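Here's the structure, in structure tokens; my notes come after.
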Amino acid sequence: MSRNNIHPTAIIAEEAKLGENITVGPYSIIGPEVVIGNGTTVESHVVIEGETIIGENNYIFSFASIGKVPQDLKFKGEKSYCVIGDNTVVREFVTISRATGEGEETRIGNNCLFQACTHVAHNCIVGNNVIMS
């Protein structure tokens, strides 16, 4: 039997879709359009919002911000996406914005490492096996 380990102070929208064997730490916020794949860990104080799809077996450290509105003056509230593949590590204070433009994506591949304080801006495409510092 698989179960999720959700801290009681985490705020997870009822509409969010969580896979199996997910861990969500204290004070993290997961919005209604978020999808998180099996085996992913979200530590404390993480915010994941917007149309964000996160694959399997990822590890997201404290104070990361994923899928929020892009830092782009052209953004007007259109439906855009943030997509992260599998087996990626997102360290402390990393920001990953969703895209600007209707239906556009910010996309990250598999097996990546985003070291502390890195930023992936709107509409970026990051391949597989990338380390950003």
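The values are calculated or read from the model by the stated rules, or taken from the named source; none is laboratory data. Bear in mind that the values here come from a model prediction, so they are computed numbers and not experimental data. With ideal geometry, Cβ positions are generated from the backbone for all residues, glycine too; neighbour counts draw on all protein chains shown. Ligands, DNA and RNA are stripped out before the accessible areas are found, and what is left, the full protein with its side chains, is counted by its heavy atoms. Shrake-Rupley method; radii C 1.70, N 1.55, O 1.52, S 1.80 Å.
Dipole check for region 1-104: with +1 at the C-beta of Lys and Arg, -1 at the C-beta of Asp and Glu, and the Cα centre as origin, the magnitude is about 160 Debye. Restricting region 41-133 to GluC sites (Glu not before Pro) that sit in a DSSP loop and have at most 10 other Cβ atoms within 10 Å of their own Cβ leaves GLU102. Within the listed set GLY103, GLY37, GLY85, the residue fluctuating most in the Gaussian network model of the chain (springs between alpha-carbon atoms under 10 angstrom) is GLY103. Accessible surface area normalised per residue over the chain is 51 Å², counting heavy atoms of protein chains with a 1.4 Å rolling probe.
Restricting region 43-127 to trypsin sites (Lys or Arg not before Pro) that sit in a DSSP loop and have at most 13 other Cβ atoms within 10 Å of their own Cβ leaves LYS74, LYS76, LYS79.
If the chain linking VAL69 and ASN128 were pulled fully straight, counting 0.36 nm for each residue of separation and taking away their Cα-Cα distance, it would gain 18.8 nm.
Hydrodynamic analysis of region 75-133 uses the Kirkwood radius over alpha carbon pairs. Inserted into Stokes-Einstein at 37 °C and 0.692 mPa s, it gives a translational diffusion coefficient of 286 µm²/s. With N as its number of residues, the chain has a Cα radius of gyration that, divided by 2.2 N^0.38 Å, comes to 0.96. Using a 1.4 Å probe on the protein chains only, how many percent of the accessible area of the chain belongs to carbon and sulfur? That share works out to 52 percent. Contact order, relative form, for the chain: 16 percent (alpha carbon pairs under 8 Å, 6 or more residues apart, mean separation divided by residue count). Roughly how many Å is it from the Cα centre of region 65-127 to that of region 26-44, as a whole number? With region 65-127 and region 26-44 each reduced to a Cα centre, they are spaced 15 Å.
Classified by the C-alpha gyration tensor, region 1-54 has an oblate form. Its axis ratio a/c, with a ≥ b ≥ c, is 1.5 or above, and a/b does not exceed b/c.
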